[in-house]
Each structure stands twice: as C-alpha cells, then as structure tokens.
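First the structure, in the form of structure tokens, and then the observations on it.
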Number of protein chains: 2
Amino acid sequence: MTHSPWQPISPAKPARTPKEPLTRDRIVDAAMRLLVDQGYDAVSMRKVAQVLDTGPASLYAHVANKKELDQLLVDRAAEEMRLPEQPDPERWQEQLKDAMREMLRVMRANPGVARAAIGQVPLGERALLSTERILAILKAGNIPDQAAAWAVDLIPLYVTAVAFEETVQGAWAWTPEDVEGFVTGLRTYFESLPADRFPITIALAGSLTSGASGDERFEFGITVITAGLAALVQKT
Amino acid sequence: MTHSPWQPISPAKPARTPKEPLTRDRIVDAAMRLLVDQGYDAVSMRKVAQVLDTGPASLYAHVANKKELDQLLVDRAAEEMRLPEQPDPERWQEQLKDAMREMLRVMRANPGVARAAIGQVPLGERALLSTERILAILKAGNIPDQAAAWAVDLIPLYVTAVAFEETVQGAWAWTPEDVEGFVTGLRTYFESLPADRFPITIALAGSLTSGASGDERFEFGITVITAGLAALVQKT
DNA sequence: ACCTGAACACCGTTCAAGT
DNA sequence: ACCTGAACACCGTTCAAGT
C-alpha cells in the first residue's frame, strides 16, 4: 500500500491502486492467508491468483510450480518457530522435547502447513535454521554426529506426520462432544471384533482409544524418541 | 473370468462378456492395479471407472467416496504383510523391528499405498490384524498397556511417513547416479550456507547427506523407536 | 521481463433419467 | 437396486500474444 503522493487519484474508481507488481513475496503472502484461513485445499494457483486479482498463469513468472509454492509456505511457517539458541547440556532432553512441542504448535497454528510439508525435506533457509538449532541441542547431549544427522530427519518427519493426521481429520475443529462421540464409537467397534482373532485389541480397547485429543499421544511419541536417542549417547 | 459354459458366445462381438456386474471387490481390484502400475495419482474415480468400462458415477453405488476407496486400498495392502503370529518375549525387540521392516517392504512393493494411508488411522479388518500382531509383540516385551496402545499408533505413523517421503520424491525409481547427484548437490548446498549462522549444518554436511538411499535412515529410526519403547518396560 | 486470456487435460461428486 | 450421461464446480500447467 505504498502510494506515490503525486499519483493522480481517479475519482471514478476509488481506492484502487493501479495494480502493484506481482512478487514472490506477495504470492506467498496471499497463499499463506488462504492456507491459515481456509486450509490447504484452498491454496490453489487459481485461488491465489484470484486474491491477487490476476490469472493463474501470471504466478508462473515468480514461482516454478505448486510444489515450490508449498515449500515457500513451509519455510514461511518455520520462521514462527522459537527454538532455544543456547543449548544446555544439562537438560538437552527437555530442550529437545520443547523444540518438538514448538514445531507442533506452529503447525497447529497454521492449519494446512503440515499438508504442504509432508513428504518434502525442508530445505528453505528458515527451515534449515530450525535444523541447526536442533542439531545444537543434540550435540550438547553428546549424540554422535551420524545419529544427530539422522535424528534431524526423524524429528520433523514425526511432528509433521502427527500434525498432518490432525489436519486431515479436521481434529482442530472438533468440539469435546465430537471427540467423545468419536472415541466411544471407535471403542464399541474394537469391542465388537471377533474375539478369537482380536483378543488383545478387544482387551485394550480402552487404552487404544484414550488420548484421542492428541496431546497425550504426542507427549508419548516425543518421550519415546528422546529416550531412544538418549540410548545412543556416546559413552565417554 | 468365470464363464458359464452354456453361455452363448456371440460370433460378432468376440470374447466380450456382457458386462460383469460392478462390485466393491472389482473396483478395489482395478484401483489396486492402477496404484501399483502407475502410482497414486493414477487412482482417480474416473480412471478406475474407465478400466471397468463404465462412468465414474457408477462407482458411487459401491464406494462412498474417494477417501473410502483409499482406505480399502490400504486394507488390501495390509493383507500382504507377514507378521509373526508367535511373539517371543526373549526377542521382542528384534521381532518389532522385523515387523516394521515388513510394513515398509509392503509399502514399497505397492507404490502409492503410503500416499493413500498417510493421515488416516487404519481401521480396516486386515490392517487391524496387523495392529493385533504388533500389540502381541509389545505385550510379550512387557510394555504397559497404555504405552503399547500409543505405540501401535506411533509405529505405522512412522513407517508410513518414511514410505510416503520415498514415493513423493520418486526415490524408488532412482538410479545410483541419481542418488549420487542428489547427495553431492545437497552437500554442496549445505556447505555453501553462511558459516556464522549454520556452523553445525556445515560441519555435519557429510553426515546429513549420508544414507540417502533410505535403508540406513530407516534402520536408525526403528532402532530409536525400539530403544525408546524398551525404556518403558515395566520394572518387575 | 512480465503479464494475460484462452485452452488443454484433467479432477470428485451430484442428479435426473433410465432399467 | 443398480447403472448411466451429462453437468457442476473445480484443478495445474502451457502457450501464443501482448506490453
């Protein structure tokens, strides 16, 4: 909205700037707004173009294709992640769990980002900065180099998969009653399975449907991963 | 292809059965063939219908929608998984890893299945039988009920995410030269990052790009998960 | 170099009409 | 009950033509 002051203001068409030039940034801005407001499916080249008051073909001068736009969105979201800059060897495990919680928080705050992120290695500069921070925590914990390298692949893979599952099921929009109904329906289904072939599933029906809201399950996941990594700490 | 022997064979239109009735099974068969032969994107309601020599609308009498078809495909693939029926408390960790390897094997053998599976909790009967088998292994390992229940959520989540990443990148079709080129390109990129902000990424560039073929990374992942679960074993 | 309209080759799903 | 053709409301991407 930078108006040149000497620019003639036509009285007939009010307030309408004579079309700012398209840029990568404006495209990502518009796409990000669509993503957060209306979810991943709303982010189409056509709808982004429409928001920018142009046709879809115009975007291709600034963005290679939809996949690149997805990557740009992921990188934009990565910017929001607040990860510790000062790793602490004394409590690296807690720092690592906090980092994973922060990653999930940002993905939940930007519904659809997980959908854009899943299946791609995040190589944007902001995403790589997150990787750098997590590597720092792992190094502080004395994790061997190769293990740390593979861990920074495993960690976003897990967090993104969890967030993606939530977006797909639209879980973020569920009321407590929805959750309740889903859980009891699922438990009833488990308990109705043939007892000869599904003895354990039936016996654990309660546990299997517990923690459907996601937080407990996620806490379990990051505990398992952290404990598994702790088992790899270099013995000195 | 069950021909009634007394069925008249019209000499004009040879070999063409007068249209077998559509069934759920025939639809899943056709979709599965498309999935394996041409990947996930080839599995559209329209293409499946075309293979069955009908229009897309006809499928909706047997399948609720595309999402249900996806679930049926996942369940079909789950049938191929050979998981141990006799859990062994002495070597539950090795059995668990084998089970995860088997899950990945089947997903690799059916490219596109991971794409159909990602983000949905597998609730088909054959998929649940896999869950039952893995629960048996975890129980043999003395994992507490609630932990076992969450673990059978975590395990397919991880394996599916790995398989999905491979399908997206088309890694299953890469030649050793492709891998080589990708790895060196990536390492060069890491090493060219600003040294003040990415010291660890640069230092670990070699490790970060190692194991791109996937097997080593997957072995690392299942080792971490198994070790993390082992840390939860009930102390008796 | 950037932008555009129009076209190409697709999607999932619905619905009235047929048998 | 099952099947069909046609339509609705979409996709990502390309390309010749404009400025």
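The values are calculated or read from the model by the stated rules, or taken from the named source; none is laboratory data. Just so it is clear, the model here is predicted, and its values are computed rather than measured. Neighbour counts are summed over all protein chains in view; Cβ atoms, including those assigned to glycine, are modelled from backbone coordinates with ideal geometry. Please note that ligands, DNA and RNA were not included when accessible areas were found on the heavy atoms of the full protein model with its side chains. Shrake-Rupley method; radii C 1.70, N 1.55, O 1.52, S 1.80 Å.
Can you name the residue in the stretch A:213-236 that is small (Gly, Ala, Ser) and open to solvent by 40 Å² or more (accessible area, probe 1.4 Å) and, of all such residues, is nearest to residue B:127 (Cα to Cα)? Filtering first and then ranking leaves A:213. When the residues of the stretch A:64-95 are filtered to those that are of a type outside the set (A, V, I, L, M, F, W, C) and open to solvent by less than 30 Å² (accessible area, probe 1.4 Å), the one that is nearest to DNA strand C (Cβ to nearest atom) is A:70. Among the listed residues B:166, B:132, B:177, B:191, which satisfies the condition of being out of contact with any Ser or Thr (no Cβ under 8 Å at 6 or more places or on another chain) and at pLDDT 95 or above? Only one candidate passes the filter, namely B:191. The number of residues in the stretch A:29-62 that are assigned to a loop (DSSP other than H, G, I, E, B), more than 17 Å from residue A:170 (Cα to Cα) and near DNA strand D (Cβ under 8 Å from one of its atoms) comes to 2.
Residue by residue, here is whether (1) assigned by TED's automatic domain parsing to the domain that holds residue B:127; (2) over 21 Å from the mean Cα position of the chain (by Cα); (3) touching a residue at least 12 places away in the same chain (Cβ under 8 Å) holds:
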residue	(1), (2), (3)
B:35	no, no, yes
B:57	no, yes, no
B:68	no, no, no
B:83	yes, no, yes
B:86	yes, yes, no
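For the stretch A:43-63, the criterion of a residue being within 14 Å of another protein chain (Cβ to nearest Cβ) and away from DNA strand C (no atom under 14 Å from the Cβ) is satisfied by no position. Taken together, B:134, B:118 contain a single residue that is under 25 Å from residue A:215 (Cα atoms) and over 14 Å from the mean Cα position of the chain (by Cα), which is B:134.
Only a single criterion out of (1) of a type in the set (A, V, I, L, M); (2) farther than 13 Å from residue B:214 by Cβ; (3) touching a helix residue (DSSP H, G or I) at 6+ places or on another chain (Cβ under 7 Å) is not satisfied by residue B:109, namely (3). Against the definition (more than 7 Å from chain B (Cβ to nearest Cβ) and under 23 Å from residue B:156 (Cβ atoms)), how does residue A:137 come out, yes or no? No; evaluated as a whole, the condition is false for this residue.
The numbered conditions (1) open to solvent by 30 Å² or more (accessible area, probe 1.4 Å); (2) in contact with a Lys or Arg (Cβ under 7 Å, 6 or more places away or on another chain); (3) at the interface with chain A (Cβ under 8 Å from one of its Cβ atoms); (4) closer than 30 Å to residue B:133 by Cβ are all true for residue B:200 except (4). Within the stretch B:154-177, can one find any residue that is surrounded by fewer than 18 Cβ atoms within 10 Å (Cβ to Cβ), of a type in the set (Gly, Ala, Ser) and at the interface with chain A (Cβ under 10 Å from one of its Cβ atoms)? Within the stretch B:154-177, none of the residues are surrounded by fewer than 18 Cβ atoms within 10 Å (Cβ to Cβ), of a type in the set (Gly, Ala, Ser) and at the interface with chain A (Cβ under 10 Å from one of its Cβ atoms).
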